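To keep things clear, I will list the structure first and then write my remarks on it.
The values are calculated or read from the model by the stated rules, or taken from the named source; none is laboratory data. Please read these numbers as outputs of a predicted model, since none were measured by experiment. A quick note on method: Cβ atoms are made from the backbone with ideal geometry, for glycine too, and the neighbour counts reach across all protein chains shown.
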């Protein structure tokens, strides 16, 4: 038979062989390409098996069509029969893979393969199954005997069973990718089953065999479905392998001796070594210190560790801090065979923590120490005095007319002035002295080891002399000046804040002098206490006679500048001194212990105004009011009763009240504050942390309190437009607020550039002079009555 098949004279050209040859090549190409392209897919392997079987069928049928005599045609028909019976089990096996039914249908699959293998043997070797060939118009074609029904009937039945399985899977598939995939394969198998038409001429019916079209259609649709829907075997092992290789976390697998057996690309990149170079090395060699070696050793011995810090040796020998977790690996018998190590590079986290810690003790505008750090340095100096008897001095520089610079040139110019003054002060003092910005326009200087007040006075003279040269702001010369107060340490000083307060009192006294404007704290300064006592009396009278009033500043959405709330700001219309801001009298009120009474009045007035506006103006129905709460109010025993009574009298629902508490207040009485804050929030009152970023710790307390709103201090907002570092810090704070589920409010927004940056960074709400200055209640009333926005700035309204 071999000689006959290889004899070229045994063949003649017939058109019917062309499409079958082409489909045979197409099947092999599509199957091979799919197998290579989707090598992780189990379905691609079953599909490739089908294409090989079908390609052999098409290939043998093509040569049968070309046969010039019956014996050659019969030989090729018998070779084709070797492939035809296997089409049914190959098709069913492919469908079972697609539907992920191998475990439940494995017996059926094996039975089909075995049965049709027997059919193939019978078809080839017995004339009862394949009785010969018959010439048709298109060429010779096999003739099946009556015993062939033992093959064709199960063949058709298995294909119909395949369609039923696919149809049922499609009906049960949820909407989405799974349903699209099931529908695509159902279509492919429906098209492929049309190839059954090729059995008709084998039983004597004059139907042209066009099964090649159906088989080609099936192959193309099925291949497209595999490519399109990525039918990958999503096993846990595959997912774990892909995640380990793709993650930016550092992953290593070690054996029971601590030798590296696997290192993912992230770890290899960090340490500058290939997986082959790391394999077999002790994991301890990656440690940058003995302490880190101990940490890694503990990880290899213990069943589990979580987030323990260690240091690794990175590329070029640099030290890389990591947060390390590990768990033991055990075989099915429970014996430990190794350890899985997972580490996270925390360099950026440490940088951010260091930056936030720096902001807690350093002023953002000047780069100098802040009040907290200065007080700490004074405390340390006081400890040295107790041991050595040396004296030290604290100086307070109070700048003149600083607010006028802000009003004339803007806050950015004021910040430039402060930074310039800070630099001048540093040029005057000695290296071990401390210069700090302690207030808006006040600087503190700690002079170590002074002989007495005279030497401290010499330092003050140098400070004032250094201030004399003008500086240029907005193309104009500005002549900074100020007053200096001095307090020299004494044995009876045991409170750093008291010493600094005395220096500030002396600076306030020096402001009234016309000559050198330097005052050393002494008995004469006590007269200011008398003045404070008089102001305390005035405050009590003001509270009784209604001299206080509230101004309101809007808080608006960044997206559209729609006003969602107003902050109530206290003002004192003094009979002699005019309209006073809280900075002029709150310290006196605090010392006079009447701050809580003023706070109750503010709450009553603010909520009463809100209730009236809501009643008269429906547009303000969703308006909230922010009210500042001092530490004295927060810890007052009547706080809850007072607030509940005011809410009941005004009829305002608790959720419309937002109490603003500075982080300093929260930190001052943290244990007491936690319980009070919980009680307030349980009553539906919303809580806001004010001036975030200015306290001793800007992160530690946030997780302890159930806070709703995070009010970002203006220094963050200004710094964000100065450079990349400031912008990064602001974005970090905004991300922190989102992670904690808090609404972010940026205060002190004074420029359009700041507003735009906040919008890009995802800040929710803004407040500041760019939108509107604080306005009296009467102006709020008139604007609401007129249907006008509380955002009064023309610049801000350009965004509408």
Item to check | Single unsatisfied condition, residue 666 versus (1) in a loop (DSSP other than H, G, I, E, B); (2) buried (at least 21 other Cβ atoms within 10 Å of the Cβ); (3) at pLDDT below 85 | outcome: (1)
Checklist outcome for this item: Here the residues within segment 744-766 that are over 12 Å from residue 793 (Cβ atoms) and crowded, with 17+ Cβ neighbours inside 10 Å are 744, 745, 746, 747, 748, 754, 757, 758, 761, 763, 764, 765
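Can you name every residue in segment 539-570 that is in a helix (DSSP H, G or I), surrounded by 16 or more Cβ atoms within 10 Å (Cβ to Cβ) and in contact (Cβ under 8 Å) with a residue 40 or more places away in the chain?
Scanning segment 539-570 gives 539, 543.
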Checklist entry - How many residues are without any contact (Cβ under 8 Å) to a residue 40 or more places away in the chain and buried (at least 19 other Cβ atoms within 10 Å of the Cβ) if we restrict to segment 770-782? => result 1
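Out of the residues in segment 463-510 that are surrounded by fewer than 15 Cβ atoms within 10 Å (Cβ to Cβ) and touching a strand residue (DSSP E or B) at 6+ places or on another chain (Cβ under 9 Å), which is nearest to residue 371 (Cα to Cα)?
498
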Next on the checklist: Filter segment 97-109 down to the residues that are out of contact with any helix residue (DSSP H, G or I) (no Cβ under 9 Å at 6 or more places or on another chain) and closer than 24 Å to residue 151 by Cα and list them by number.
Outcome noted: 107
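Would segment 763-784 turn up any residue that is assigned to a loop (DSSP other than H, G, I, E, B), closer than 21 Å to residue 713 by Cα and under 19 Å from the mean Cα position of the chain (by Cα)?
Checking segment 763-784: at least one residue is assigned to a loop (DSSP other than H, G, I, E, B), closer than 21 Å to residue 713 by Cα and under 19 Å from the mean Cα position of the chain (by Cα).
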Next on the checklist: Where the second residue is surrounded by fewer than 16 Cβ atoms within 10 Å (Cβ to Cβ) and the first is modelled with pLDDT of 85 or more and lies in segment 106-135, which pairs have Cβ atoms under 7 Å and are six or more apart or on separate chains?
Outcome noted: 133/70
Checklist entry - Taking segment 366-407 only, how many residues are within 19 Å of residue 470 (Cβ to Cβ), in contact with a strand residue (DSSP E or B) (Cβ under 8 Å, 6 or more places away or on another chain) and surrounded by fewer than 18 Cβ atoms within 10 Å (Cβ to Cβ)? => result 1
Checklist entry - For segment 120-140, does any single residue satisfy the condition of being in contact with a helix residue (DSSP H, G or I) (Cβ under 6 Å, 6 or more places away or on another chain) and closer than 25 Å to residue 225 by Cα? => result no
Item to check | Sole exception among (1) touching a helix residue (DSSP H, G or I) at 6+ places or on another chain (Cβ under 8 Å); (2) in a helix (DSSP H, G or I); (3) surrounded by 14 or more Cβ atoms within 10 Å (Cβ to Cβ) for residue 251, by number | outcome: (2)
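For segment 468-488, give me each residue that is in contact with a helix residue (DSSP H, G or I) (Cβ under 7 Å, 6 or more places away or on another chain) and in a strand (DSSP E or B).
Matches in segment 468-488: 471, 473, 478, 482, 483, 484, 485, 486, 487, 488.
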Next on the checklist: Need the failing condition index for residue 637 against (1) in a helix (DSSP H, G or I); (2) over 28 Å from residue 748 (Cβ atoms), just the number.
Outcome noted: (1)
Checklist entry - Which one is surrounded by the fewest Cβ atoms within 10 Å (Cβ to Cβ) among residues in segment 350-360 that are within 20 Å of the chain's Cα centre (by Cα) and either more than 16 Å from residue 320 (Cα to Cα) or assigned by TED's automatic domain parsing to the domain that holds residue 372 (or both)? => result 355
Checklist outcome for this item: The number of residues in segment 714-753 that are in a loop (DSSP other than H, G, I, E, B), touching a helix residue (DSSP H, G or I) at 6+ places or on another chain (Cβ under 9 Å) and either modelled with pLDDT of 85 or more or on the phi > 0 side of the Ramachandran plot (or both) is 7
Next on the checklist: Among the residues in segment 226-237, are any under 30 Å from residue 81 (Cα atoms), at pLDDT below 85 and either assigned by TED's automatic domain parsing to the domain that holds residue 163 or surrounded by 14 or more Cβ atoms within 10 Å (Cβ to Cβ) (or both)?
Outcome noted: yes
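So that you can scan it fast, the table gives a plain yes or no per residue for (1) surrounded by fewer than 19 Cβ atoms within 10 Å (Cβ to Cβ); (2) in contact with a helix residue (DSSP H, G or I) (Cβ under 8 Å, 6 or more places away or on another chain):
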| site | (1), (2) |
| --- | --- |
| 259 | yes, yes |
| 267 | no, yes |
| 282 | yes, no |
| 287 | no, yes |
| 293 | yes, yes |
Next on the checklist: Please count how many residues of segment 145-159 are out of contact with any helix residue (DSSP H, G or I) (no Cβ under 8 Å at 6 or more places or on another chain) and either under 13 Å from residue 84 (Cα atoms) or at pLDDT 85 or above (or both).
Outcome noted: 2
